[in-house]
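Participant: Attaching a single structure in structure tokens format; questions to follow.
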Number of protein chains: 6
Amino acid sequence: MAFSHKEEHVDEGMLLLQANIDDMNPEWTSAVMDRLFALGANDVYWVPIVMKKGRPGIMLNVLCADSLAEEAKSLIFRETTTLGLRIIPLSVHRLSRAFLEVETPWGSVPVKIGSHNGQVVQYAPEFDVCDRIAREQKIPLKEVYDAVRYAYKARTQSELSD
Amino acid sequence: MAFSHKEEHVDEGMLLLQANIDDMNPEWTSAVMDRLFALGANDVYWVPIVMKKGRPGIMLNVLCADSLAEEAKSLIFRETTTLGLRIIPLSVHRLSRAFLEVETPWGSVPVKIGSHNGQVVQYAPEFDVCDRIAREQKIPLKEVYDAVRYAYKARTQSELSD
Amino acid sequence: MAFSHKEEHVDEGMLLLQANIDDMNPEWTSAVMDRLFALGANDVYWVPIVMKKGRPGIMLNVLCADSLAEEAKSLIFRETTTLGLRIIPLSVHRLSRAFLEVETPWGSVPVKIGSHNGQVVQYAPEFDVCDRIAREQKIPLKEVYDAVRYAYKARTQSELSD
Amino acid sequence: MAFSHKEEHVDEGMLLLQANIDDMNPEWTSAVMDRLFALGANDVYWVPIVMKKGRPGIMLNVLCADSLAEEAKSLIFRETTTLGLRIIPLSVHRLSRAFLEVETPWGSVPVKIGSHNGQVVQYAPEFDVCDRIAREQKIPLKEVYDAVRYAYKARTQSELSD
Amino acid sequence: MAFSHKEEHVDEGMLLLQANIDDMNPEWTSAVMDRLFALGANDVYWVPIVMKKGRPGIMLNVLCADSLAEEAKSLIFRETTTLGLRIIPLSVHRLSRAFLEVETPWGSVPVKIGSHNGQVVQYAPEFDVCDRIAREQKIPLKEVYDAVRYAYKARTQSELSD
Amino acid sequence: MAFSHKEEHVDEGMLLLQANIDDMNPEWTSAVMDRLFALGANDVYWVPIVMKKGRPGIMLNVLCADSLAEEAKSLIFRETTTLGLRIIPLSVHRLSRAFLEVETPWGSVPVKIGSHNGQVVQYAPEFDVCDRIAREQKIPLKEVYDAVRYAYKARTQSELSD
């Protein structure tokens, strides 16, 4: 019932780049994140930490393919204040992903579906579409999510019973 | 003086499974944790993080033996909303562990003892027993801990001076 | 040398609305924040907390004038999953604020200036303008901030020495 | 359609008790929390903070009625290591609450419903019942939540269309 | 058995000053804290928060007497980058405090004792003295704490049984 | 223009030692950190986490060379309460570092300069010197940083234009 499959697999040869930052203007964090995603990083996130002299710092984490590492490191050195980067090799297990369109009173919304060993284990309404509908219709975002999840479930249950 | 030894050693071939979660009902976290411990995970913990679009998310961390990885991953995919998992290989250095019973005014309490290179470096009253005594006796939990630590120290000092 | 003054003052009659949330999809946080700022809230921020049953939850904080409270509360009840809100009365001391335009190699940038008891104590380059320049010029955001701060300082020092 | 109503209201005369703790065994936190809830506190939560000398401490927060304050303070002094407590007066706005039972394939589950100005704004499956079902049926907890939310929505929609 | 009493009491007329900071070099945090304590603040602590545009910021908290507020606010405006401060009135309940010297193998150490309604509820070895002994004797700090707590308990128990 | 170079390089064979701690007096954290830096650790930091039974714990992180691992592990076992340590192998990319002295109205201050692929990407005033000047001159620390950064920029710009 869904389309645009991508199979479940494990990516070997991924890297986690980490930098502890205790002397940077936090205003720059969203810009750093945007530029890293634009470069092709798989994920970017910050962890609040306590550093030397009790400073409340932040740890930048960037998940990327080994092939992107040099560019990602250069970007981090240019855009943050760090003098060093930790590089942790790891692998990433990714579910099979597909998108399904479901109907709501305000139009159709894509639902991202994740499968493990051939079974659907996740379904998630697409945030950007739900958020746009909520703004345009002036309704709570959670109401849109609710409607999407209900429609998804109604559809899959009726398919099962066919 | 103690019994039920387990020798100090390093476990190679351990894994740290990590999932960044920004779209899950946090009510489910304790259930996820319980099921992972029941499965045999060595440790489970959550780290508050800041994710894409500035979302305050949580990072699930599961420490387990390589042999448990497939089951642990399936459990995480079934019980959380993540579409992917990072897998970091590591090793774990564990102290020698033993238990010693010490006497308190409210009965005996096990103390967990950790040794490094043959020397005791840790001793910790068993939480569940102390908590039960505190509830039954209607006394502060910290008073029970205090009594257990005092009894442990009195006993080991008298053994030393014998 | 600056324009569009707003005098230093203390706002009595402000409120801090707080809600502890342990059962909401964190994807909604940015939408909640945007809608609260659009409504006229003075500030919105999240604090990671540990709640009942050890759940890693988040505490929503909304700073607003007493006159906005009913609308802000309704918005929070509609857009989040909370069943209750704490309301803490407080006052807010605000510095005098002014904007000054300074010249950089890439055009002029507004600098927000805060004064306390008639003395300048803060100056901050305007994030959105700096970020736009950095993107257009394909240069690090921190380089733009640096140039703005340098230009501001050069200008105020030469004014002092006139 | 629901029962056991409690009307929407604002509780004046509530207090927030806060203690910054940097010298307590964190093992005691769950016991402190349990005892405070048993005493009648309305809410208890912990906030990670950075204290004097850069210590990563925790801030205990207890929300309670003014009439419970003396007992709650005594409990905190007995069960934690703090030498002082901050007391912040505040009020709490509570939604009208009701419970509705909905049917799932594994039996009925209570849903907590919150209303603001006469309109339903929240509905939340009861955690303990869902968790019990998930354990007994050996199914994911999120599947139980999903089923409960679907059943709730199906029922309210059919009532609306009657 | 102890000396230099200060009676249990409630300080009315205290203030909590709060500033959310998202554009300051975190290196300055320890300096801000030191200067505030030197000025006479009762407590200073930082809370990691998530601010506008998803920035991982920090919230400065300063507890002080109403009479210190103007000086404390000026210091915060001079030493941080904030343009505003929240001011929350509160009261502080402080235990009776006394110091008792106890003997250890490495000399005497002061223990801070807190009493509530005439009963000892806290006793805490003085950090600075224990830390100095640990450094001079090249022993673990926790061993010093242990010895101090043991000596305190031995002494108070023998006094009770006299 | 600068001296005491250290070339940009990647250190293979580094380790990250991690311990989750939920039963230690947080007063000891600064002492643990000091002793680890004194031993030669490259970095030490704490991450607030949520552990078993919902305990707000802290994760100790120690970055060190493989050759320091045994000593670092022994120190952690002696000075904290942990019974185990995770050991994650990683590498560290370090920028070329140099120091440059710049002149301020209150004397010269070292600036740490980091270069990537031969280009300066970071410059940071030395905290300890700036902090000493601020204390001696009774001026805000941020004013000292500002003066140092301005002087650095003025100097490098005039060198560029020579």
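The values are calculated or read from the model by the stated rules, or taken from the named source; none is laboratory data. Nothing here was measured: the structure is a model prediction, and the numbers come from that model. Don't worry about glycine lacking a Cβ; one is built from the backbone with ideal geometry, like all the others, and counts go over all protein chains shown. For accessibility, only protein heavy atoms count, side chains too; no ligands or nucleic acids. Shrake-Rupley method; radii C 1.70, N 1.55, O 1.52, S 1.80 Å.
Participant: Probe radius 1.4 Å, ligands and nucleic acids ignored: give me the carbon and sulfur share of the accessible area of region A:39-151 as a rounded percent.
Facilitator: Carbon and sulfur atoms account for 48 percent of the accessible area of region A:39-151.
Participant: Would you tell me the mean number of C-beta atoms belonging to other protein chains that fall within 10 Å of each C-beta in A:86-98, as a whole number?
Facilitator: That works out to 6 on average.
Participant: How much mean residue ellipticity at 222 nm does the protein assembly as shown get from its helices, if each DSSP H run of length 4 or more adds -39500 (n - 2.57) and you divide by all residues, to the nearest 500 deg cm²/dmol?
Facilitator: -10500 deg cm²/dmol
Participant: Average partner chain C-beta neighbours within 10 Å, per residue of E:57-67?
Facilitator: Per-residue shielding by partner chains comes out at 3.
Participant: Sorted from largest to smallest, which semi-axis lengths in Å does the alpha carbon gyration tensor of region E:11-93 give for its equivalent ellipsoid, taking the root of 5 times each eigenvalue?
Facilitator: Working through the eigenvalues yields semi-axes of 22, 14, 11 Å.
Participant: Turning to a different aspect of this structure: What Rg and what Dmax come out for the protein assembly as shown when only alpha-carbon atoms are used, in angstroms?
Facilitator: For the protein assembly as shown, the Cα radius of gyration and maximum Cα-Cα distance read 28.5, 86 Å.
Participant: Using only protein heavy atoms and a 1.4 angstrom probe, determine the accessible area buried between F and B, summed over both sides, in Å² to the nearest 100.
Facilitator: Buried area (both sides, nearest 100 Å²): 2000 Å².
Participant: Where Rh is the Kirkwood radius over the Cα pairs of region D:95-161, the temperature 20 °C and the viscosity 1.002 mPa s, what D in µm²/s does Stokes-Einstein return?
Facilitator: 174 µm²/s
Participant: Now, a different point. Hey, what angle do you get for helix B:69-79 against the long axis of chain B, alpha-carbon based, 0 to 90 degrees rounded to 10?
Facilitator: 70 degrees
Participant: What distance in nm lies between label points placed 7 Å from Cα along the C-beta direction at residue C:8 and residue B:7?
Facilitator: Result: 7.1 nm between the two label points.
Participant: When N is the residue count of chain B, what does its C-alpha Rg come to as a fraction of 2.2 N^0.38 Å?
Facilitator: Normalised Cα radius of gyration, chain B: 1.32.
Participant: Right, next: How far, in whole Å, is the nearest Cβ of chain B from the axis relating it by rotation to chain E, and which residue carries it?
Facilitator: Result for the B and E rotation: B:54, 1.
Participant: May I ask you to derive the relative contact order of chain D, considering only C-alpha pairs under 8 Å and at least 6 residues apart, and to give it as an integer percent?
Facilitator: Relative contact order here is 25 percent.
Participant: Angle, helix C:29-39 long axis vs. longest principal axis of chain C, Cα atoms, 0 to 90°, nearest 10?
Facilitator: 70 degrees
Participant: Give me the 1.4 Å probe accessible area per residue for chain E, excluding ligands and nucleic acids, in Å².
Facilitator: Result: 39 Å² of accessible area for each residue.
Participant: Right, here's the next one. At residue B:138, label 7 Å along Cα→Cβ: distances to the other copies, nm, ascending?
Facilitator: Relative to the other copies, residue B:138 has label-point distances of 4.4, 5.3, 5.9, 5.9, 7.6 nm.
Participant: Going 7 Å from Cα along the Cα-Cβ axis for the label, what nanometre distances separate residue A:66 from the same residue across the other copies?
Facilitator: Here the equivalent label points are 1.7, 1.7, 6.5, 6.7, 6.8 nm apart from this one.
Participant: Need one value for C:27-38: mean number of C-beta atoms belonging to other chains within 10 Å of its residues' C-beta atoms.
Facilitator: Average neighbour count from other chains, rounded to a whole number: 6.
Participant: What distance in nm lies between label points placed 7 Å from Cα along the C-beta direction at residue E:138 and residue A:67?
Facilitator: 5.5 nm
Participant: Would you mind pulling out the separation of the Cα centroids of region C:38-101 and region B:70-134, in Å?
Facilitator: Here the answer is 39 Å between Cα centres.
Participant: Over 32 Å between Cα atoms, which of B:138/C:52; C:52/E:6; B:112/E:138 qualify?
Facilitator: C:52/E:6
Participant: Continuing with the same structure: Could you tally the net charge around residue D:110, taking each other residue with its Cβ under 10 Å from the Cβ of residue D:110, Lys/Arg +1 and Asp/Glu -1?
Facilitator: With Lys, Arg at +1 and Asp, Glu at -1, the neighbours total -2.
Participant: Moving on. Just to confirm the number: angle between the C-alpha axis of helix D:141-161 and the first principal axis of chain D, 0 to 90 degrees, nearest 10?
Facilitator: Rounded to the nearest ten degrees, it is 50.
Participant: Moving to a separate point now. What nm distances, shortest first, do you get from the label point of residue F:108 to those in the other copies when the point sits 7 angstrom along Cα to Cβ?
Facilitator: Result for residue F:108, in nm, nearest copy first: 4.0, 5.1, 7.1, 7.1, 8.4.
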